[in-house]
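The values are calculated or read from the model by the stated rules, or taken from the named source; none is laboratory data. Computed from a predicted structure; not experimentally measured. Please note: Cβ atoms are built from the backbone with ideal geometry, for glycine as well, and neighbour counts cover all protein chains shown. Just so you know, the surface numbers come from the protein's heavy atoms only, side chains and all, with ligands and any DNA or RNA stripped out. Shrake-Rupley method; radii C 1.70, N 1.55, O 1.52, S 1.80 Å.
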Amino acid sequence: MEDIAGVQTVRSAGEVAEARQALLAERTHLMRPAAVSRCVGAEQADWRRFADHWDDLEEDGYAARQGSRRLRRYGHFVLHRTGSLRPMPHVAFVQPGETNPLHVGEDRHFAPLTDAFVADPLFKALTRTLGQIAACLEDADEWSVKVHPFRVIASADTEGLPTPEGRHRDGVTLVTSLLIGRENAVGGRSTVWTPDGTRLLSTTLHERGTLLLGDDRATLHEVDPVRPADGTRPARRDVLVTTLTARHSAERDAQVG
């Protein structure tokens, strides 16, 4: 009898290896839903359960300043190369000043991830897969993992702005965007550039489970506004943005101290 678990492990390793190779060659890579599902061992029922967490996000008051409606939560973890994942204290989210001109030097406070989200097996499998992929960019024992589930909402008179800061980088090693769902939405095209403005990839994430990867050290990214297809109803775009940054010995020592 065929060892199904063994076959799945081999296929998952192949998908990770392909993503690593593409990321090193192109500095960006689009993983199709079937490939992502093989990596994380997920069926459609798992994706539907995971998508339910996006109905439990909270308003982002910082995005409202830019005239956009966005819901989100935020969590910070440390991922070890062994796959162990531990939560970090919930504190303000801060980006390096040169990466986000809208929030230079600003501590932004967001609602924490729910216990149900953190306990979801799909979340854990996704994060570990991203750690395996990120290993091609830097040889690190530990990764600082920051997790942002977003819902952008648009109406007939108000565009949804997934990246109100425009073309930017996040100041991390690996930046990823996973589509969770779209409803009544047009637009939302994701584009990745080199620092000199050469376009590397441009795509609209349509299907749940599509994963866009980028080497944030060597690229910039932006997402076009979202608009309703039917102006009588709101549009929404749900994504999971996860970033990984290599943790070095000095940072680990500071955490211990």
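Go through the stretch 215-257 and give me each residue that's open to solvent by less than 10 Å² (accessible area, probe 1.4 Å) and modelled with pLDDT under 95. Result: Arg247, single match. For Ala35, indicate whether it is within 18 Å of the chain's Cα centre (by Cα), of a type in the set (A, V, I, L, M) and modelled with pLDDT under 95. In short, no. Would you point out the residue of the stretch 114-161, among those that are of a type in the set (Val, Ile, Thr) and out of contact with any helix residue (DSSP H, G or I) (no Cβ under 9 Å at 6 or more places or on another chain), that is surrounded by the fewest Cβ atoms within 10 Å (Cβ to Cβ)? Among residues in the stretch 114-161 that are of a type in the set (Val, Ile, Thr) and out of contact with any helix residue (DSSP H, G or I) (no Cβ under 9 Å at 6 or more places or on another chain), the one surrounded by the fewest Cβ atoms within 10 Å (Cβ to Cβ) is Thr158. Taking Ala42 as the residue in question, decide whether it is at pLDDT 95 or above and out of contact with any Asp or Glu (no Cβ under 9 Å at 6 or more places or on another chain). Yes, satisfied.
Checking Leu205, Leu174, Leu212 one by one, the residue that is under 20 Å from Arg49 (Cα atoms), out of contact with any Lys or Arg (no Cβ under 6 Å at 6 or more places or on another chain) and open to solvent by less than 30 Å² (accessible area, probe 1.4 Å) is Leu205 and no other. Is it the case that some residue within the stretch 177-198 is assigned to a loop (DSSP other than H, G, I, E, B) and surrounded by 18 or more Cβ atoms within 10 Å (Cβ to Cβ)? So far as the stretch 177-198 goes, yes, one or more of its residues are assigned to a loop (DSSP other than H, G, I, E, B) and surrounded by 18 or more Cβ atoms within 10 Å (Cβ to Cβ). For the stretch 137-183, the set of residues classified as modelled with pLDDT of 95 or more, of a type outside the set (D, E, K, R), under 25 Å from Arg32 (Cβ atoms) and out of contact with any Ser or Thr (no Cβ under 8 Å at 6 or more places or on another chain) consists of Pro149, Phe150, Ile180, Gly181, listed by residue number.
Taken together, the residues in the stretch 117-174 that are over 13 Å from the mean Cα position of the chain (by Cα), part of a strand (DSSP E or B) and under 17 Å from Gly214 (Cα atoms) amount to 3.
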